[in-house]
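Below: one structure, written as structure tokens.
What follows draws every value from the coordinates through simple rules; no lab data is involved. Remember, it's a predicted structure, so these values are computed and weren't measured experimentally. Please note: Cβ atoms are built from the backbone with ideal geometry, for glycine as well, and neighbour counts cover all protein chains shown.
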Amino acid sequence: MVLEIADFSPRYFERMAELEKHHPWTRAMRHLTLDLLGKKAAGSARRVLDVGCGTGLFLAECLASGVRESGVGVDAHLEALAYARQCSNEHVVAASAAALPFLPETFDIIHCADVLQHMTLAESRQALCRFADLLKPGGCLALRLRARRLFRNSPDTNFSHSFRRSGIRQTLERLGLRVVFLSHVNLLPSLATDIAGLVRRPTDDAPVKGIHLRQTADIRSRVLGSYLALERAWLVRTDIALPAGHTLLCVARKDT
């Protein structure tokens, strides 16, 4: 079976739920984001919005990680929200990231991971504007975005585009958000994947989110988990950005 990233079918979300629970990459990205929010968020973060919450695991772990009063998960796909309801007791809402049905300055933290690149270019810009509007003063926005690759980049199109570090910084600053962390992540695995892609034809087994589901005890999963733990420690302790990787991670604060 071939499962494309753009094929947001019930089967896709079934496999995503397993991926979120068991894969070392998804676990490492959640934990890195939570560590950065714990370090960068000013004061107590009372209300959390997870835009594109998927199967709900980030929202559940975010609310369990510190002083949080409530959270809301938003996703455009009802299949995802069905999983999110099972994962967390928080409210879930069906909506687009570009048209969030909330009042201004409602949330202390807004999280959006691997969503904007799947929207149209115009909707992606609209979503960032809404995030800035919905944040309370002192609130933080955490973004996970598809980065430009070192080799074989495709042109940016609606529903499939990537972000540059300088571009997302400029966009957020124009919206009144101060970037307090911005780095590529997943450096060495990304380089290995790019190099392998130059010499090996793609297989017909297309994974979820570009990641193959494997057993936790698989040697590749253990090596990847160990590497990502080291990368996470480096980024959290030093704030020194990595120069490359398939993913950008950004935290920005609304100071006024």
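Using the Cα atoms of the chain to build a convex hull, what is its mean projected area in square nanometres?
Orientation-averaged projected area of the Cα hull: 12.9 nm².
Taking other Cβ within 10 Å of each residue's Cβ, how do His161, His23 sort, fewest first?
With the fewest neighbours first, His161, His23 line up as His161, His23.
Number of Lys-Lys pairs in the chain under 29 Å by Cα, sequence gap 8 or more or different chains?
10
Could you line up Lys254, Lys39, Lys136 from fewest to most neighbouring Cβ atoms inside 10 Å?
Result, fewest neighbours first: Lys39, Lys136, Lys254.
Can you tell me what share of the DSSP beta bridges in the chain is antiparallel? A percent to the nearest 5 is fine.
Bridges in the chain that DSSP calls antiparallel: roughly 45 percent.
At what distance in nm do the modelled label points of Ala99 and Ala196 sit from each other, each positioned 7 Å from its Cα along Cα→Cβ?
So the label points at Ala99 and Ala196 sit 4.1 nm apart.
Pairs of alpha-carbon atoms within less than 8 angstrom and 6+ residues apart define the contacts here; what relative contact order does the chain have, in percent?
So the answer I get is 24 percent.
Please determine, in degrees from 0 to 90 and to the nearest 10, the orientation of helix 121-134 with respect to the longest principal axis defined by the Cα atoms of the chain, where the helix direction is its Cα long axis.
Once rounded, the angle reads 40 degrees.
In the chain, once you exclude exposed GluC sites (Glu not before Pro) (DSSP loop, at most 14 other Cβ within 10 angstrom), what's the longest stretch remaining?
106-256
By how many degrees, 0 to 90 and rounded to 10, does the Cα axis of helix 78-87 deviate from the longest principal axis of the chain?
80
Extending each Cα 7 Å along its Cβ direction at Arg85 and Ala241, get the distance between those two points in nm, one decimal.
Going by the 7 Å Cα→Cβ label model, 4.1 nm.
Given R₀ = 35 Å, FRET efficiency for Ser226-Lys39 by Cβ-Cβ distance, to 0.05?
Working: r = 22 Å, r/R0 = 0.64.
The calculated FRET efficiency here is 0.95.
Going through the range 155-191, which trypsin sites (Lys or Arg not before Pro) have at most 13 other Cβ atoms within 10 Å and a DSSP loop state?
Within the range 155-191, the qualifying trypsin sites (Lys or Arg not before Pro) (loop, at most 13 other Cβ atoms within 10 Å) are Arg164.
How high is the FRET efficiency from Phe159 to Glu18, r the C-beta distance, R0 22 Å, rounded to 0.05?
On the way: r = 24 Å, r/R0 = 1.11.
The pair Phe159/Glu18 has a calculated efficiency of 0.35.
Expected output is a single nm value to one decimal: the length gained when fully extending between Asp133 and Ala64, i.e. 0.36 nm times separation in residues minus the C-alpha distance. What is it?
This chain segment gains 22.3 nm when fully extended.
What shape does the range 39-128 have by the C-alpha gyration tensor, where a ≥ b ≥ c are the square roots of the eigenvalues, rounded means a/c under 1.5, and otherwise prolate means a/b greater than b/c and oblate the rest?
oblate
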